[in-house]
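A.B. asks: Below: one structure in C-alpha cells.
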Amino acid sequence: MKTPILGASYVARSVNAANDRCVNLFPEVVAEGGKEPAFLQRAPGLKPITLTVSGSPTATLSNGPIRGLHVYGGKLYVVTADSPATLPYPQTKLWEVNGNYTATLRGTVSTDVGTGQVTMADNGTQLFLACGDAAGTSYIYNNSTTAFAEITDPDFPGASSVGFIDGYFVFSEPNSQKLWVTALLDGTSVDPLDFASAEGAPDDILSVLVSNREVWVFGTFTTEVWYNAGGPDFPLERISGAFNELGCAAQYSVQKLANKVFWLGRNAQGQGIVYVSNGYIGTRISTHAVEYAIQSYSRMDDAISMVYQQDGHQFYILTFPTAGKTWVYDLATGRWHERAGWVASAFTRHRANCMAGYNGKIIVGDYLNGKLYELDLNTYADDGDTQRWLRTWRALPTGQNNLKRTAQHNLQLDCEAGVGLVTGQGSDPQVMLRWSDDGGHTWSNEHWRSMGQIGETGQRVIWRRLGMTLKLRDRVYEISGTDPVKIAIMGAELQASATNA
C-alpha cells in the first residue's frame, strides 16, 4: 500500500495525534501527467557570492549580521553590523553593490543602533534607512550625490518603520500612535504638522507597510489602512471600514507578497496566529500545529520575515531568532514546512536574515557573518556546511489504524536515484531510516541505504524486515539525509500484514 509520505509539517500538541515534519523539503503539486499528484523536493541551499571591495575579492562585508537588503537604482544596498564582541558598539554600515558584485562603502552609522532589522524605502533618488533602535535613528542616502547622513531635521521624531507612497516617505514614530510623512520627494525634511494619529484604538503603531498604494498601519492590537487623499494639511486618510481589531505580534513579521499582506497577529484575546490579507480583513493561514509551535517559544515578538519567489512558488518565511526556528508558508500549495541549519548535530534557525531579488538571483544576507549568498535550488549545502533534510510521517493513512499489531515487511522509497556526485561526500548518497512505535517519543537506530552512485538511475531504495508494531500498535517513519545531492521523493510503498492481536 502507499504510505502517506507526501505532505507538510504538522506536529500536534500530542505527537500521538500527529507527528509529521518536513524540514528542508517542500511539496510541489504536479498539475497533470505525473507519476503521483505531488512530490517532495529539496529546499535551496546557500551559494556564496564573492564580492570585490577596494579591488580585492572578499567573502564577507563584516563579522556580524546583514541587517537589511534593498534594491533601487539598479544597485543592491546592504546594511551590515560588526559583532559587539569586537567593538564597543555594533558599527552599522551601508554598502552599495553593483551587478558585478563590487561593493562600495557609502556610509557608517556613528552611534549604537542595535543589531536588529533595518527597514528601508526609496523615492528613486533617496534611500531612507530606519535603523530599528528605540530612538528611531534614521539616515538618508542620496544616490545622485552619494551623500549619507542622519536625518537631523529638528521636527523629525524618529522612525520605527518606513514605506513610500506617491512621493512621500511615510513612517511611524516610535512608541506612539503617530503616522508621519516627509516633505514631497525629500526624506530629509519634515513639517511639524505632517502627522496624524491612528486613533481607532489606543495602541501604539508597531509597523507601517505600503501595498498597492495603500498604507497598512499595524498597531499592537489593531490595524488600520490609509490612502493618499491629497489633503492640503496631511495627504493620508483612513479608508472607511478598513479598521481591524487584529494587530501585530512582531514588528518585522510584516511583508507583502502576491498583492497580499502577511503578518504574525495579536489581538485582545491572544497572539501567535499568522494572517494574510483578504481585502482589509486578516485571514488565518497558520495551522494549529504551527500555532502550537510558535506559542511554545519564549519569545515571538522578535520574529523576522522574508519573502521570495522561485519556480512559481511564492514563500513567506518567518524566523524566530531566540527560539532558533524557521517556518515557511508556500502560497502555491497553502502548506507549511521548516527550513533549518544543521549545527552540532541539531537543527537551528535558517541562516537567512534578509532577502532581495537582484541581478536575476535571490540574494540572502547571513545573520552570523556578513556574507551574501544566492538562494539556489542546485546548491545542496549552506555555504559549504551540511544541509540536512528530514521527513517524518505515519505509516498508515489517516483513519486506517485499527489498533492491531502489524508486521512491517518492507518499505520502498520512490525517489530519483543515481544522483550521486563523481567524488567526495555524495558519491554514494545515503538515506537514513528510523521509526517509532510510540508516536515519536522514542526512536529506533538508523538504517542506511544508498540512493545510487552517479548514473545508477535504476537503484531501488528499500528496507526489509522492519519488525512488528508493538506498544500503541502505531508507527511513525522518519527518513533523512545530509549528502549534497538532489532530492526528489514521489512516494513510498509499504508492505505490511495485519494480525488479530
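A.B. asks: Taking the Cα centre of region 187-270 as origin, sum charge times position over the Cβ atoms of Lys and Arg (+1) and Asp and Glu (-1), and report the length of that vector in debye to the nearest 20.
C.D. replies: 460
A.B. asks: How many lysine pairs does the chain hold where the Cα atoms are under 18 Å apart and the two sit 8 or more places apart or on different chains?
C.D. replies: 10
A.B. asks: May I pose another question? List, in order, the whole-Hz ³J(HN,Hα) value for each residue of region 24-30 obtained from phi through the Karplus relation with A = 6.51, B = -1.76, C = 1.60 and θ = phi - 60°; use x for Gly and Pro.
C.D. replies: 6, 9, 9, x, 10, 6, 8
A.B. asks: Next question. Please identify which residues in region 454-481 have an amide N closer than 12 Å to a label point set 7 Å out from the Cα of S444, following the Cα→Cβ vector.
C.D. replies: Once the point is set 7 Å along Cα→Cβ of S444, 463-470, 475-479 turn out to lie under 12 Å by backbone N, inside region 454-481.
A.B. asks: Taking all protein chains in place and a 1.4 Å probe, what share, in percent, of the accessible surface of region 107-171 do carbon and sulfur account for?
C.D. replies: The computed percentage sits at 47.
A.B. asks: Placing +1 at every Lys and Arg Cβ and -1 at every Asp and Glu Cβ, with all other atoms neutral, what dipole size does region 1-85 have around its Cα centre, in debye to the nearest 20?
C.D. replies: 100
A.B. asks: Net charge near E214: determine it from the other residues with C-beta under 13 Å of the C-beta of E214, scoring Lys and Arg +1 and Asp and Glu -1.
C.D. replies: Net local charge, E214 excluded: +1.
A.B. asks: Still on this structure: Give me the number: length gained by fully extending Q495 to A346, i.e. 0.36 nm times residue separation minus the C-alpha to C-alpha distance, one decimal in nm.
C.D. replies: Numbers: separation 149, 0.36 × 149 = 53.64 nm, distance 3.18 nm.
That works out to 50.5 nm of additional length.
A.B. asks: Largest first and in whole Å, what are the equivalent-ellipsoid semi-axes of region 1-120 based on the Cα gyration tensor, each being the root of 5 times an eigenvalue?
C.D. replies: They are 42, 21, 12 Å, listed largest first.
A.B. asks: Note the full-extension length gain between R464 and N142 as 0.36 nm times their separation in residues minus their Cα-Cα distance, in nm to one decimal.
C.D. replies: Here the answer is 109.3 nm.
A.B. asks: Let me ask something additional. Per residue, what accessible area does region 15-111 have, given a 1.4 Å probe and all protein chains present, in Å²?
C.D. replies: 42
A.B. asks: Among F171, S253, T125, which residue has its Cα positioned farthest towards the positive end of the charge dipole of the chain, with +1 placed on the Cβ of Lys and Arg, -1 on the Cβ of Asp and Glu, and the dipole taken about the Cα centre?
C.D. replies: Of F171, S253, T125, it is S253.
A.B. asks: Separate question: Could you pull out every residue, at least 5 positions away or on a different chain, whose amide H is within less than 5 Å of the one on T406? Hs are placed 1.01 Å off N in the peptide plane, and Pro or chain starts have none.
C.D. replies: Amide H neighbours of T406, under 5 Å, 5+ apart: T469.
A.B. asks: Mind grabbing the accessible area of S345 for me, 1.4 Å probe, Å², rounded to tens?
C.D. replies: Accessible area, nearest 10 Å²: 100 Å².
A.B. asks: Now, a different point. Leaving ligands and nucleic acids out of the surface, order T146, T398, T469 by accessible area at 1.4 Å, largest first.
C.D. replies: So the residues, ranked largest to smallest area, are T398, T146, T469.
A.B. asks: Determine, from the Cβ-Cβ distance of A229 and N259 and an R0 of 25 Å, the FRET efficiency 1/(1 + (r/R0)^6), rounded to the nearest 0.05. Spell out each step's value before the answer.
C.D. replies: Values: r = 22 Å, r/R0 = 0.87.
Calculated transfer efficiency: 0.70.
A.B. asks: Next question, about the same structure. For A134 and K35 in one chain, what is 0.36 nm times their gap in residues minus the Cα-Cα distance, to one decimal in nm?
C.D. replies: 30.2 nm
A.B. asks: Under a plain spin-label model, where a point goes 7 Å from the Cα along Cα-to-Cβ, how far apart in nm are S298 and I281?
C.D. replies: The modelled label-to-label distance comes out at 3.9 nm.
A.B. asks: Per residue, how big is the convex hull around the C-alpha atoms of region 356-465? Give it to me in cubic angstrom, could you?
C.D. replies: Details: hull volume 21.3 nm³, N = 110.
Cα-based convex hull of region 356-465, divided per residue, equals 194 Å³.
A.B. asks: Put a dot 7 Å past each Cα toward the Cβ at S56 and T152; how far apart are the dots in nm?
C.D. replies: 3.3
A.B. asks: So what are the radius of gyration and Dmax for the Cα set of region 358-423, in Å?
C.D. replies: 19.9, 58
A.B. asks: Seen from all sides and averaged, what is the projected area of the convex hull of the Cα atoms in the chain, in nm²?
C.D. replies: Numbers: hull surface 104.1 nm².
Result: a mean projected hull area of 26.0 nm².
A.B. asks: Hey, can you grab everything whose amide H is under 5 Å from the amide H of I205? Only 5+ residues off in sequence or another chain; H modelled, so Pro and N-termini drop out.
C.D. replies: Here S176, Q177, K178 satisfy the definition.
The values are calculated or read from the model by the stated rules, or taken from the named source; none is laboratory data. Bear in mind the structure is a predicted one, so any value in this text is a computation, not a measurement. Methodologically, a virtual Cβ is constructed for each residue, glycine included, from the backbone with ideal geometry; neighbour enumeration extends over all protein chains shown. Side chains included, ligands, DNA and RNA excluded: accessible areas come from the protein's heavy atoms. Shrake-Rupley method; radii C 1.70, N 1.55, O 1.52, S 1.80 Å.
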